[in-house]
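Student: Have a look at the structure that comes next, please.
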Amino acid sequence: MQLYAQLGKDQGYQWHVVSFAKNGRPIAVPGATSYFVRFTENGHRTTENAGKDINEATVILRRREP
């Protein structure tokens, strides 16, 4: 399970994996317009919109973890 950041139109709608510091806090991606959680469910890879705020996205990621 990973957290991804999507950059805006001016940066080509690129996707970046969000890194985490040693203390477990996410490192914000400059220029990110939204965040997504990517996980496997019933053998299929799925993405879930996790909002525009990195802290909100981290909460959603933690809820999805087993």
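Values quoted throughout were computed directly from the atomic coordinates according to the rules given, and no laboratory measurement underlies them. Source: prediction; values computed, not measured.
Student: Could you tell me what a quarter of the Cα convex hull surface of the chain works out to, in nm² with one decimal place?
Tutor: So the mean shadow area of the Cα hull is 4.6 nm².
Student: Could you list which residues have their amide H under 5 Å from that of Val18, counting only those 5 or more apart in sequence or on another chain, with H placed in the peptide plane?
Tutor: Here the answer is Leu3, Tyr4, Ala5, since their amide H atoms fall under 5 Å of that of Val18.
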